[in-house]
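Reviewing the structure listed below.
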Amino acid sequence: METIFLQGNGIEALPQFLTSLAIGLLIGLERERNPSARAGLRTFALVAVFGTLMALLSSKTGSPWLLIAGILAVAGMITASYFNNHEEDPGTTTVIALLLCYGLGAMIWYGQAKLAVMLAIGVTALLYFKPELRGFSQKLARRDLVAVLQFSVLTFIVLPILPNQDYGPYQAFNPYHAWLMVVLISGISLAGYAALQVAGTRYGAPLLGFFGGIVSSTATTLIYAKQGKLNPAMSYLAASVILIASLVVLMRLMILSAVVAYGALPTLFPVLAGGLVFGLVVALYNWRRMDKAGELFMPETSNPAELHTAIGFGLLYVAVLLGAAWMKDIAGSQGLYIVALVSGLTDVDAITLSSLRLFNLGQLSAHQTVTAIAIAYLSNLAFKFGLVIFLGGRTLARHISIGFAAIACGVLFGLFAL
């Protein structure tokens with residue numbers, strides 16, 4: 001027994017037990033705040049250490065049944081505690097959290113300390129934000145849940161079975177790659193949509209503009225242009241939301257480039273960063289002048305993961321991809337830039353992803369790719385400014401014009417610097 005348990009006096013196992021103790025204290029600290037929980041700070045700490053101890057004994061004796069017996073003992077203990085409490089609905093959250101804590105303690109002994117710590121932090125956050133998660137689920141309409149299920153099916157069932165092979169003229173169309181772009185855009189937009197529903201109007205114009213820009217900067221511009229005209233008192237608020245939403249598009253394009261065609265990012269980044277920096281200066285200036293007492297309007301944007309939205313973007317992406325390849329072949333760079341100018345009016349993502357795809361295929365240089373994306377963005381910026389003039393009136397357009405001009409100058413400065 002001495003050779004089994006006291007190698008090096010057993011002191012080398014101390015860091016694992018200390019990590020288990022920290023994990024148990026972290027999760028237990030959150031449970032201690034819950035009056036209905038039958039386990040708190042000390043119980044969770046002891047269970048985590050117990051998990052590590054049983055994993056140690058199991059590995060040293062070569063008997064996995066010790067580890068299984070430990071988790072059964074923890075489950076029986078906490079279940080008996082709740083049954084003896086005679087509550088109508090004691091709940092199962094603390095039971096599951098304790099079992100998970102035991103498992104995390106065992107993971108630490110088996111060399112998965114980093115993963116165990118990350119999971120512990122995630123579990124603690126999940127337990128702590130119960131009111132927010134419940135509020136978010138109650139805000140979701142039935143069609144939102146259906147759209148999320150559709151997104152899951154299209155991502156994890158449809159995408160894997162699509163052929164990963166190039167077809168059509170210029171070998172530009174790849175069904176798997178095309179649908180992957182749909183999943184990428186829908187996923188980013190869905191994250192912004194979900195965050196927008198959670199944030200509501202509580203956190204002001206910056207977050208509404210940020211999340212609105214992730215979902216759709218054009219839709220956000222249209223909605224707040226109307227609100228700015230209906231309520232002149234919130235003109236600066238509407239202008240700030242619209243400006244921030246347009247700045248977020250630049251961040252989206254950087255992320256798309258980093259994911260889809262990282263090789264183009266060093267050339268693209270200075271162009272987009274120029275517009276972002278110039279625009280942020282104006283946005284901060286407007287924020288200081290803005291009347292913070294104005295009432296914000298919650299935009300009613302559609303869920304970007306709905307089936308018809310995803311299919312519509314997929315068709316647009318394929319059409320722009322083939323059109324850009326064809327125009328580049330017959331008219332050179334000028335043909336590509338015409339496609340970017342036209343398609344960018346309403347959607348920057350399609351021409352961005354198409355240009356990055358052609359860059360990966362070697363049909364576009366980095367300079368041509370960046371120029372096409374910059375033209376599409378500037379075209380979209382001009383289109384949104386037209387929406388502001390037509391729907392929001394001259395006052396709102398005047399508030400927007402300086403910010404949009406600053407963004408455009410920053411993008412053009414970066415583009416000419418190439």
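Considering only Tyr110, Tyr317, Tyr128, give the residue with the highest GNM mean-square fluctuation for the chain, with springs between Cα atoms whenever their separation is below 10 Å.
Of Tyr110, Tyr317, Tyr128, the most mobile in the Gaussian network model is Tyr110.
Using a 10 Å cut-off on Cβ atoms, rank the peptides 179-188, 242-251 from the highest mean neighbour count down.
242-251, 179-188
If you take every residue apart from Leu25 with its C-beta less than 14 Å away from the C-beta of Leu25, what net charge results, scoring Lys and Arg +1 and Asp and Glu -1? Don't jump to the answer; show the numbers that get you there.
Values: positive: Arg31, Arg33, Arg42; negative: Glu30, Glu32.
Here the charged neighbours net out to +1.
Quote to one decimal, in nm, the extra length available between Val342 and Ile96 on full extension: 0.36 nm per residue of separation minus the C-alpha distance between them.
Stretched out fully, the Val342 to Ile96 stretch lengthens by 83.1 nm.
List the residues whose amide H sits under 5 Å from the amide H of Phe173, counting only those 5 or more places along or on another chain, with H placed 1.01 Å from N in the peptide plane.
Distant-sequence amide H within range of Phe173: Tyr167.
Assuming R0 = 45 Å, what is the FRET efficiency of Asp166 and Ala75, from their Cβ-Cβ distance, to the nearest 0.05?
Details: r = 53 Å, r/R0 = 1.19.
So, using R0 = 45 Å, E works out to roughly 0.25.
Say R0 is 25 Å: what FRET efficiency, to the nearest 0.05, do Ile68 and Tyr110 get from their beta-carbon distance?
E(calc), rounded to 0.05, equals 0.95.
So what J values fall out for the stretch 66-77 if you push phi through Karplus, 6.51 cos²θ - 1.76 cosθ + 1.60 with θ = phi - 60°, rounded to Hz, Gly and Pro as x?
4, 5, 5, 4, x, 5, 5, 5, 5, 4, x, 5
Please work out whether the stretch 32-79 counts as rounded, prolate or oblate from its C-alpha gyration tensor, where a ≥ b ≥ c are the square roots of the eigenvalues and a/c under 1.5 means rounded, while otherwise a/b larger than b/c means prolate and anything else oblate?
It comes out oblate by the Cα gyration axes.
Suppose the chain between His308 and Leu14 were pulled fully straight at 0.36 nm per residue; how much longer would it get relative to their current alpha carbon spacing?
Going from the current span to full extension adds 100.2 nm.
Helix-derived [θ] at 222 nm for the chain: sum -39500 (n - 2.57) over DSSP H runs of at least 4, divide by residue count, nearest 500?
Taken over the chain, the calculation gives -26000 deg cm²/dmol.
Quick check: pseudo-label points 7 Å beyond the Cα along Cα→Cβ at Ser137 and Ala382, how many nm apart are they?
5.0 nm
With springs connecting C-alpha atoms under 10 Å apart, model the chain as a Gaussian network and identify which of Glu30, Glu132, Glu12 has the largest mean-square fluctuation.
Among Glu30, Glu132, Glu12, the largest GNM mean-square fluctuation belongs to Glu12.
Under a GNM of the chain (C-alpha, springs under 10 Å), which listed residue has the highest mean-square fluctuation: Ile311, Ile78, Ile351?
With Cα springs under 10 Å in the chain, the top fluctuation among Ile311, Ile78, Ile351 is at Ile78.
With a/c under 1.5 counting as rounded, go ahead and sort the stretch 137-417 into rounded, prolate or oblate using the C-alpha gyration tensor (a ≥ b ≥ c being the square roots of the eigenvalues; past the cut-off, prolate if a/b is larger than b/c, else oblate).
oblate
Specify whether the C-alpha gyration tensor of the stretch 99-188 places it in the rounded, prolate or oblate class, a ≥ b ≥ c being the square roots of the eigenvalues: rounded for a/c under 1.5, otherwise prolate if a/b is larger than b/c and oblate if not.
In terms of gyration-tensor shape, oblate.
Every number here is computed from the coordinates shown, using simple stated rules; none is lab data. Source: prediction; values computed, not measured. Backbone-built Cβ (ideal geometry, glycine too); neighbour counts: all protein chains shown.
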